[in-house]
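Asks: Submitted below is the structure of interest, expressed as structure tokens.
The values are calculated or read from the model by the stated rules, or taken from the named source; none is laboratory data. These numbers come from a predicted model, not from an experiment. In this analysis, Cβ positions are derived from the backbone assuming ideal geometry, glycine residues included, and neighbour counts consider all displayed protein chains.
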Amino acid sequence: MSLAHPAVDALVEEIISASGREELDTATRALDRVLRWGFYVIPHYHSGETRIAIWDKFGYPEPFPEYAMDLDAWWVDTDREAELQRRQRGR
């Protein structure tokens, strides 16, 4: 996707040069936070499949649409969001 971001570049370098597991985990978590904050999308036009990675905090219409994914019809499910936050704190 050609992301050019100084914080991402610096964190990738930290991951590459990490001298131990704790340093690697810390840098990886920091990179994860930076990337999630940016809401980046990596296009995959080569595939005939629809693949999406999401936080398990969204509700969406059932049944799931067979031919399209209308993200405008999704919503944050407050119960799922609270459970996700509880699990993240329990790391």
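Asks: Can you find a residue that is of a type in the set (A, V, I, L, M) and surrounded by 10 or more Cβ atoms within 10 Å (Cβ to Cβ) anywhere in region 40-51? I'd like the intermediate steps shown before the answer.
Replies: Keep residues of region 40-51 that are of a type in the set (A, V, I, L, M), which gives 41-42.
If we keep only those that are surrounded by 10 or more Cβ atoms within 10 Å (Cβ to Cβ) too, we end up with none.
Checked against the condition, which is being of a type in the set (A, V, I, L, M) and surrounded by 10 or more Cβ atoms within 10 Å (Cβ to Cβ), region 40-51 yields no hits at all.
Asks: Now, a different point. Of everything in region 52-91 that's farther than 21 Å from Leu35 by Cβ and small (Gly, Ala, Ser), which residue is surrounded by the most Cβ atoms within 10 Å (Cβ to Cβ)?
Replies: Per the stated criteria, the residue is Gly59.
Asks: Something else now. Which one is farthest from Ala53 (Cα to Cα) among residues in region 1-41 that are in contact (Cβ under 8 Å) with a residue 24 or more places away in the chain and of a type in the set (Val, Ile, Thr)? Outline the logic, then answer.
Replies: Keep residues of region 1-41 that are in contact (Cβ under 8 Å) with a residue 24 or more places away in the chain, which gives 1, 3, 5, 7-8, 34-35, 38, 40-41.
Of the ones still in play, those that are also of a type in the set (Val, Ile, Thr) are 8, 34, 41.
Details: Val8: 20, Val34: 16, Val41: 10 Å.
Among them, the one singled out is Val8.
Asks: Okay, moving on. Hey, any hits in region 7-30 for a residue that's closer than 21 Å to Glu83 by Cα and either modelled with pLDDT of 95 or more or not aliphatic (A, V, I, L, M) (or both)? Give the derivation first.
Replies: Initially, region 7-30 is screened for residues closer than 21 Å to Glu83 by Cα, giving 29.
Still in the list and also either modelled with pLDDT of 95 or more or not aliphatic (A, V, I, L, M) (or both): 29.
Looking through region 7-30, at least one residue is closer than 21 Å to Glu83 by Cα and either modelled with pLDDT of 95 or more or not aliphatic (A, V, I, L, M) (or both).
Asks: Please verify whether region 52-63 includes one or more residues that are within 26 Å of Leu84 (Cβ to Cβ), at pLDDT 85 or above and part of a loop (DSSP other than H, G, I, E, B).
Replies: Yes: one or more hits.
Asks: Where the second residue is in a strand (DSSP E or B) and the first is hydrophobic (A, V, I, L, M, F, W, C) and lies in region 64-81, which pairs have Cβ atoms under 7 Å and are six or more apart or on separate chains?
Replies: Qualifying pairs under 7 Å: Trp74/Phe58; Trp74/Gly59; Trp75/Phe58; Trp75/Gly59; Val76/Phe58.
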